[in-house]
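So the structure is just underneath, and the comments pick up after that.
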Amino acid sequence: MKHDIHDLAGGALLAAVGLFVALYAVEQYEIGSLRRMGPGFFPAVLGGVLALLGLIIALPAWARIGQWERIAWKEAAAVLAAILVFAAGLERAGLVTMTLVSVLIATSAAPDRRIGWRLVLALCVATLSVAVFHFGLKMTVPLWPGQA
Amino acid sequence: MSGWEGFLHGLSVSLQPGVLIYCVLGVVLGTFVGVLPGIGAMATISLLLPITYYLSPEAALIMLAGVYYGSQYGGAVASILLRLPGTPQSAVTTLDGYPLAQQGRAGVALFTSMTSSFLGSFFGIFVLILLSGALSRAATAFGSADYAAMMLLGLVAASTIGAKHPAKGFAMVVLGLVLGTVGSDVNSGVQRFTFGQTELMDGVNLVALAMGLFGVAEVISNIHIAERTGVPPRIKLRELLPSRAELRRIPFPALRGASLGSFFGALPGTGSTISSFLAYAVERRVSRHPEKFGKGAIEGVAGPEAANNAAAISAFVPTLTLGIPGDPIMALMLGALVIHGVQPGPLMLEARPDMFWGLIASFGIGNLLLLVLNLPLIGIWVSMLRIPFRWLYPAILIFVCLGVYSVRGSTFDIFAVALIGAIGYALSLARFNPALLLLGFVLGPLIETNLRRALLISRGDPIVFLQRPIAAAFVLAIVALLAMSIVQTLRRRRAQSAKSTT
């Protein structure tokens with residue numbers, strides 16, 4: 001590993017975000033004056049500061065030797081997929097179905113991949129979430145497919 | 001209402017069954033998540049935010065606060081038994097708590113941490129009562145410029161004090177401020193950074209942001225780590241009792257830690273984590289046997305544990321009296337209050353005495369409960385450490401999704417949680433602190449409003465920040481902090497390059 005990639009990439013990204021925010025604010029919103037600030041004033045200043053900070057973080061990182069952090073790709077994928085699938089299916093397939101599916105997806109990244117405990121856990125979580133959100137908080141959401 | 005009348009009034013509020021039950025719930029849940037490494041107070045409070053929509057503001061705040069100080073009690077358990085801090089505040093407790101456990105004195109270490117936490121909390125409550133009245137009165141003299149300067153000081157302090165990379169901390173704060181500008185501009189009604197999404201018109205959803213950054217991101221990074229916990233020893237009740245000589249070594253370190261903690265907890269930007277480290281340093285300095293530290297010194301457990309609990313309580317001083325959160329957890333609390341339509345600030349003491357004193361009285365009740373429940377039940381809490389994380393995180397995820405959905409019945413928010421969770425995980429990989437982002441996010445709109453108002457009053461003349469004595473003091477402190485952190489960074493860099501060339 002040659003450079004401190006975390007600070008390099010992080011700083012560069014933040015600088016890019018800051019630059020975008022500043023330019024977008026200047027372009028789209030009224031800046032106004034110090035006395036009467038327009039909606040663009042504060043974001044434009046913040047964007048500029050963020051861009052500057054990004055550079056301060058990224059530039060020295062080029063000369064520094066860094067270490068790779070192990071990225072938990074599998075875990076991140078399973079967790080995010082579970083949430084996305086849940087969001088996509090909740091209103092169509094219902095709370096119970098989606099809880100079962102999402103727990104099974106989320107647990108696919110667990111160190112113990114056997115199906116038995118995952119099914120039991122899925123049923124437990126489904127029971128718990130129906131108890132808390134449907135009966136407890138009286139949330140209006142379909143429980144089963146085709147109820148919407 | 002004087003302090004004591006207020007406290008008594010508060011007791012009458014918080015002892016109502018409908019409120020008391022949430023205090024109990026809060027402290028029990030707080031201890032639970034504090035005990036478990038891999039899920040902390042921050043994630044739990046985010047998770048509970050949507051549920052508080054269904055509660056009265058008093059009950060909601062009392063429950064959330066209970067989670068916070070309850071987690072400080074629980075955090076020590078894993079620190080002592082497994083050398084695995086359950087919360088960042090209890091990291092110092094591993095230094096002497098774990099050696100004690102290895103010498104078979106785990107029970108005594110737990111007893112010390114619980115009683116010191118209790119002492120620290122009550123010390124913090126006294127400080128809170130003493131300071132809040134005076135500060136509320138003083139704060140009525142605060143103008144917009146003073147508020148803006150003070151909040152800026154809070155942000156600068158939080159990102160620089162005790163930080164290895166002040167620039168990275170500060171960048172997170174600024175990113176949070178940027179996120180805070182999303183939505184309708186208060187003054188002009190212009191939609192900022194909504195990109196045509198109607199869901200963004202009210203701004204980025206605090207619940208989605210907090211859950212993504214702390215719930216989802218922490219689950220991702222902990223699925224693996226949290227599996228590696230060892231097997232905790234069994235603790236018998238009799239083992240808890242210290243010898244008389246050991247008992248004598250608790251009160252003074254605890255009191256020193258408590259005073260240190262309540263001081264630093266009340267300051268903006270320095271929270272309970274820093275207080276506990278400072279308390280440890282102080283104990284080692286004043287000890288006649290500094291060589292015993294790190295090898296199982298009771299004082300090394302008592303001081304820091306009292307400090308972090310005192311700080312957790314006194315952190316409510318600026319939040320409640322000025323409406324300015326000093327640390328990210330307080331920012332979340334403030335967000336919870338705003339959700340309930342309560343704007344904390346100098347007027348709160350007069351306008352919402354039930355809430356103000358009820359909360360303070362609940363600290364007393366909650367801490368008493370924690371002491372009398374946790375000591376006898378310590379065996380149960382220890383056995384919680386045997387629960388593998390893989391049984392918990394799927395439930396956390398589902399509760400995150402349903403919780404954020406319950407706020408306004410929109411799946412957009414669940415998708416937002418996934419995106420924010422991915423960003424939060426990336427940030428933690430690159431060692432950026434997402435808690436600072438949240439602090440900036442909550443304070444952002446307040447800073448902008450006060451800044452604009454101050455400059456409008458002064459006809460656009462920024463000298464107003466130096467003319468008002470209060471604001472000028474804060475500006476001076478900001479400049480001093482920035483200068484200090486720049487000098488420190490440069491010095492460290494020089495030291496590093498000297499090391500790499502030789």
Next on the checklist: Of the candidates A:G116, A:G94, A:G11, which one comes out as most mobile in a Gaussian network treatment of chain A with C-alpha springs shorter than 10 Å?
Outcome noted: A:G116
Checklist entry - Order of B:151-160, B:365-374 by packing, highest average Cβ count within 10 Å first? => result B:151-160, B:365-374
Checklist entry - Put +1 on the Cβ of each Lys and Arg and -1 on the Cβ of each Asp and Glu in the protein assembly as shown; which of B:G104, B:P50, A:H134 then has its Cα farthest toward the positive end of the dipole? => result B:G104
Checklist entry - Between B:R137 and A:R92, what FRET efficiency follows from the Cβ-Cβ distance if R0 is 60 Å, with the result rounded to 0.05? => result 0.60
Checklist entry - Lysine pairs, Cα distance under 22 Å, 8 or more residues apart or cross-chain: how many in the protein assembly as shown? => result 4
Checklist entry - Against the longest principal axis of chain B, how steep is helix B:106-139, in degrees 0 to 90 to the nearest 10, with axes from Cα atoms? => result 30
Checklist entry - If contacts are Cα pairs under 8 angstrom and at least 6 residues apart, what is the relative contact order of the stretch A:73-136 in percent? => result 35
Next on the checklist: Let me confirm one metric for peptide B:166-173, namely the mean number of other chain beta-carbon atoms within 10 Å of its residues' beta-carbons.
Outcome noted: 6
Checklist entry - Any idea how far apart B:L476 and A:Q28 come out in nm if each label point goes 7 Å out from Cα toward Cβ? => result 4.2
Item to check | Part-to-part distance (alpha-carbon centres) for the stretch B:124-145 and the stretch B:409-439, which is given in Å | outcome: 34
Next on the checklist: Nothing charged except the Cβ atoms of Lys and Arg (+1) and of Asp and Glu (-1): what's the magnitude of the dipole of the protein assembly as shown about its Cα centre? Round to the nearest 20 debye.
Outcome noted: 1800
Item to check | B:A281-B:V338 pseudo-label distance in nm [points 7 Å out on the Cα-to-Cβ vector] | outcome: 3.3
Next on the checklist: Report the Rg/Rh value for chain B, based on alpha-carbon coordinates and the Kirkwood definition of Rh.
Outcome noted: 0.96
Item to check | Residue exposure sequence - B:T270, B:T198 - by fewest surrounding Cβ within 10 Å | outcome: B:T198, B:T270
Next on the checklist: For the ranges A:75-82, A:124-131, what's the packing order if you count other beta-carbon atoms within 10 Å of each residue, average per peptide, and put the highest first?
Outcome noted: A:75-82, A:124-131
Checklist outcome for this item: Taking B:15-23, B:471-479 and ranking on average Cβ neighbours within 10 Å, highest first, one gets B:471-479, B:15-23
Item to check | Amide H partners (placed H, <5 Å) of B:L347, local residues excluded | outcome: none
Checklist outcome for this item: Residues whose modelled amide H sits under 5 Å from the amide H of B:T194, counting only those 5 or more places away in sequence or on another chain, are B:G183
Checklist entry - For B:S12 and A:F135, FRET efficiency with R0 = 25 Å and r from the beta-carbon atoms, rounded to 0.05? => result 0.20
Checklist outcome for this item: quick shape note, the stretch A:73-136: Cα extents on principal axes in Å, largest first -> 34, 24, 16
Item to check | Equivalent ellipsoid semi-axes - Cα gyration tensor, the stretch B:52-169, angstrom | outcome: 34, 21, 15
Checklist entry - Is it possible to state the helix-based mean residue ellipticity at 222 nm for chain B, with each DSSP H run of 4+ residues giving -39500 (n - 2.57), the sum divided by total residues, to the nearest 500 deg cm²/dmol? What is it? => result -23500 deg cm²/dmol
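If you take the Cα atoms of the protein assembly as shown, find Rg, then find the Kirkwood Rh from the mean of 1/r over all pairs, what is Rg/Rh?
0.96
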Checklist outcome for this item: Computed from the beta carbon distance with a Förster radius of 51 Å, FRET efficiency for A:I5 and A:D112 to the nearest 0.05 stands at 0.95
Checklist outcome for this item: Note to self, chain A gives a 222 nm [θ] from helices alone (DSSP H runs n ≥ 4, -39500 (n - 2.57) apiece, / all residues, nearest 500) of -22000 deg cm²/dmol
Item to check | Separation between Cα centres of the stretch A:1-26 and the stretch B:11-87, rounded to whole Å | outcome: 37
Next on the checklist: Going by Cα centres, the stretch B:161-182 and the stretch A:57-83 are how many Å apart?
Outcome noted: 19
Checklist entry - With each pseudo-label sitting 7 Å past Cα toward Cβ, what's the B:M384-B:D461 distance in nm, one decimal? => result 5.8
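Laboratory data are not the source of any read-out in this text; all were calculated from the coordinates shown. These figures come from a predicted structure and were not determined experimentally. Note that we place each Cβ from the backbone using ideal geometry, even for glycine, and neighbour counts take in every protein chain shown.
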